[in-house]
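Taking it in order: structure first as structure tokens, then the write-up.
The values are calculated or read from the model by the stated rules, or taken from the named source; none is laboratory data. What you see is a predicted model; the values in this text were computed from it and never measured. Cβ placement follows ideal geometry from the backbone for every residue including glycine, while neighbour counts extend to all protein chains displayed.
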Amino acid sequence: MKKVLSVLITLIFSLFCFIAGAQNNVLTGIIKDSANGKPLAGVSVFLNGTTKGTVSRNDGSFVLQGFPQGQYQLIISAIGYQTYVTEVSSHNLSSSLKITLHTAADELAAITIEPYLKDGWSKYGKTFLQCFIGTTDNASSCTIKNKNVLRFHFYLKSNKLTVTAIEPLLIENKALGYELEYRLERFVCDYANHIVSYYGYPLFRDMPTDDDFKKKKWELNRQLAYMGSMMHFMRSLYSHKVKEEGFLVKYKVPVPNVEKQRVKAIYHPNNIPKDSIPIDTLHHYWEVLREPDYYMQTVTDPDGLLTIQQDQTHVMYFVDDCTVIYGNPKRGIAYTESSIRLMNQRPIAIDENGNYYPQAEILNLQNWSITENMSNLLPRDYNIDAPF
């Protein structure tokens, strides 16, 4: 009897471990209205910038399966409610989230009251498409299916164009085989400083097809969009494989002015008589003391960009601009030069999936200013299949 009981306990324990392991990449939760506590059904739940999404059930519960490796923003979105955003990680998944949504009466009122250009699309639609969708080869295969939800605002005093959307944008990318729901949070075209910035919350879905040729074409285009992209570079930096993946970097680091330190240590004008030092030596001292304490030296070591903190957070920092060169002759990809700038000279965190935050901190220049747009955008859970 004891032997049977022991076997039974072992089987139950094994089953428990199996279930726990199977649930390891599953995120669950329940969504309720903050005012009355009632469950909310049909709420969109997804990981920002991925293909992973679902909707809440009648009882407000949701189950998000296949949670990919890395850290993501969990987006909870419903019409009439403020968008809920929180950070979640595959390394520390909550067993069950309890989320309350607040009504968005104030935000909806602001959108309704603030005047917008009735002919905004005819005047600025082309500019928006070029900046948001892009001008690459894939851009011609992209369509915004509900452009009527866009609201254009032009501010003459600041010479800025802002674009908002009263509903998620529905974007079809036939070049990469994705349908996107994009919750546009911010789009600003600063004509005075020639800077365009935008961000939002995209959810990707694979376009349905039974055509094997089309599937292969999409996968090829996805690979080409990935290679040399910002996501490719960030993943390479995180895994310390920048050179292996075909990237070259150049950035500047401050180097101490050793000669100035030496002179300051031995020359004290108030304590040393001038006639005790040769005049040519004095001139040298004076010239050196007028020099900066640090010089900026160009380096090419990618590991110098990255610092791993005690909590294993990977942080990237550099001064001024960081130049990134990429090319892949085997795949017919010509070498191009891009650069990134930290807008406020603050470090940013990067994740194994290629995500970085805060995203508004980085400004793309040169080639990436052209290619890093919606027409080439890939989900954060994309993994390249073929070697390159």
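Some values worked out for this structure:
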{"read-out": "Members of segment 214-240 that are charged (D, E, K, R) and either modelled with pLDDT under 95 or outside the structural domain of residue 328 (by TED's automatic domain parsing) (or both)", "value": "214, 215, 216, 217, 219, 222"}
{"read-out": "Test result for residue 370, assigned to a loop (DSSP other than H, G, I, E, B), hydrophobic (A, V, I, L, M, F, W, C) and surrounded by fewer than 19 Cβ atoms within 10 Å (Cβ to Cβ)", "value": "no"}
{"read-out": "Residue match in segment 237-259 (condition: acidic (Asp, Glu), in a loop (DSSP other than H, G, I, E, B) and within 30 Å of residue 172 (Cβ to Cβ))", "value": "no"}
{"read-out": "Residue ID - farthest from the chain's Cα centre (by Cα), chosen from residues in segment 318-346 that are touching a residue at least 40 places away in the same chain (Cβ under 8 Å) and exposed (fewer than 15 other Cβ atoms within 10 Å of the Cβ)", "value": "330"}
{"read-out": "Members of segment 145-186 that are of a type in the set (Phe, Trp, Tyr) and either in a loop (DSSP other than H, G, I, E, B) or at pLDDT below 95 (or both)", "value": "154, 155"}
{"read-out": "Qualifying positions in segment 310-337 - within 24 Å of residue 295 (Cα to Cα) and either touching a helix residue (DSSP H, G or I) at 6+ places or on another chain (Cβ under 9 Å) or of a type in the set (Lys, Arg) (or both)", "value": "316, 317, 318, 322, 324"}
{"read-out": "Within segment 207-235, considering residues that are closer than 16 Å to residue 180 by Cβ and in contact (Cβ under 8 Å) with a residue 12 or more places away in the chain, the one surrounded by the fewest Cβ atoms within 10 Å (Cβ to Cβ)", "value": "207"}
{"read-out": "Selection within segment 189-206 - surrounded by fewer than 15 Cβ atoms within 10 Å (Cβ to Cβ) and without any contact (Cβ under 8 Å) to a residue 40 or more places away in the chain", "value": "190, 191, 192, 193, 194"}
{"read-out": "Single residue of segment 57-72 satisfying the filter (over 17 Å from residue 40 (Cα atoms) and surrounded by fewer than 18 Cβ atoms within 10 Å (Cβ to Cβ)) that is modelled with the lowest pLDDT", "value": "69"}
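Yes/no matrix, rows are residues, columns are (1) at pLDDT 90 or above; (2) part of a helix (DSSP H, G or I); (3) closer than 19 Å to residue 178 by Cα:
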{"site": "106", "(1), (2), (3)": "no, yes, no"}
{"site": "111", "(1), (2), (3)": "no, yes, no"}
{"site": "115", "(1), (2), (3)": "no, no, no"}
{"site": "118", "(1), (2), (3)": "no, no, no"}
{"site": "121", "(1), (2), (3)": "yes, yes, no"}
{"site": "124", "(1), (2), (3)": "yes, yes, no"}
{"site": "129", "(1), (2), (3)": "yes, yes, yes"}
{"site": "143", "(1), (2), (3)": "yes, no, yes"}
